[in-house]
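A.B. asks: Below you'll find the structure I mean.
The values are calculated or read from the model by the stated rules, or taken from the named source; none is laboratory data. Since this is a predicted model, take the numbers as computed values, not measurements. FYI the Cβ positions are ideal-geometry reconstructions off the backbone, even for glycines, and counts take in every protein chain you see.
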Amino acid sequence: MKSARRRSRELATQGLYQWLLSGVPAGEVDAQLRGSQGYDKADHEHLDALLHGVIREADELSTAIAPCLDRPIEQLSPVERAVLLVATYEFKHHVDIPYRVVINEAVELTKTFGGSDGYKYVNGVLDKLAAQLRATEAQNARKS
């Protein structure tokens, strides 16, 4: 059984995928997600924070991710890009969520929605990004 937070991440990823491909306004994406199967089981507060926060900060988040990539972010699959944006937003704004949980959730999302090996790429990128955005936490985890 999926947690409410997992479901919110799934819906945010689906909404961001749609937003990345179509460019429709955030409110339209939000309205469609509210009619999605499983919406009632999601953590609505977390979903709203992720969806609207990522869309609002997309350029800033993409800039943070860019040094950890081997190609321009625009060349990533929309699924990988959406997952990386969600995870980066959580790294920055939800420090109550351990960085390893953020990475694990992102890997699971990529396994669910992405290509066969996309999760490996996402894992590597987020590992590098955690070392920058959550440096103390990542260093402490590596010591123990």
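A.B. asks: For residues that are at pLDDT below 95 and either in contact with a Leu (Cβ under 8 Å, 6 or more places away or on another chain) or β-branched (Val, Ile, Thr) (or both), scanning just the stretch 1-28, find the one that is nearest to GLU90 (Cα to Cα).
C.D. replies: ALA26
One line per residue, one yes/no per condition, for (1) closer than 19 Å to ALA4 by Cα; (2) among the small types (Gly, Ala, Ser); (3) exposed (fewer than 14 other Cβ atoms within 10 Å of the Cβ):
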position	(1), (2), (3)
ALA58	no, yes, no
LEU61	no, no, no
GLN75	no, no, yes
PRO78	no, no, no
LEU85	no, no, no
LYS92	no, no, no
ILE97	yes, no, no
LYS120	no, no, yes
THR136	no, no, yes
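A.B. asks: Within the stretch 1-21, how many residues are of a type in the set (S, T, N, Q) and exposed (fewer than 15 other Cβ atoms within 10 Å of the Cβ)?
C.D. replies: 1
A.B. asks: Is it the case that some residue within the stretch 75-85 is modelled with pLDDT of 95 or more, over 18 Å from LEU11 (Cβ atoms), under 11 Å from the mean Cα position of the chain (by Cα) and of a type outside the set (Asp, Glu)?
C.D. replies: Checking the stretch 75-85: not a single residue is modelled with pLDDT of 95 or more, over 18 Å from LEU11 (Cβ atoms), under 11 Å from the mean Cα position of the chain (by Cα) and of a type outside the set (Asp, Glu).
A.B. asks: Looking at (1) hydroxyl-bearing (Ser, Thr, Tyr); (2) in a helix (DSSP H, G or I); (3) touching a helix residue (DSSP H, G or I) at 6+ places or on another chain (Cβ under 8 Å), can you tell me which one SER36 breaks?
C.D. replies: Evaluating SER36 over (1) hydroxyl-bearing (Ser, Thr, Tyr); (2) in a helix (DSSP H, G or I); (3) touching a helix residue (DSSP H, G or I) at 6+ places or on another chain (Cβ under 8 Å) leaves (2) as the failure.
A.B. asks: Right, VAL24: surrounded by 15 or more Cβ atoms within 10 Å (Cβ to Cβ), without any contact (Cβ under 8 Å) to a residue 40 or more places away in the chain and over 23 Å from ILE97 (Cα atoms) or not? Reasoning before the result, please.
C.D. replies: On the way: surrounded by 15 or more Cβ atoms within 10 Å (Cβ to Cβ): no; without any contact (Cβ under 8 Å) to a residue 40 or more places away in the chain: yes; over 23 Å from ILE97 (Cα atoms): yes.
The answer is no for VAL24.
A.B. asks: Restricting to the stretch 107-123, and then to whatever is more than 14 Å from the chain's Cα centre (by Cα) and either among the small types (Gly, Ala, Ser) or at pLDDT below 95 (or both), can you tell me which residue is nearest to GLU80 (Cα to Cα)?
C.D. replies: GLY115
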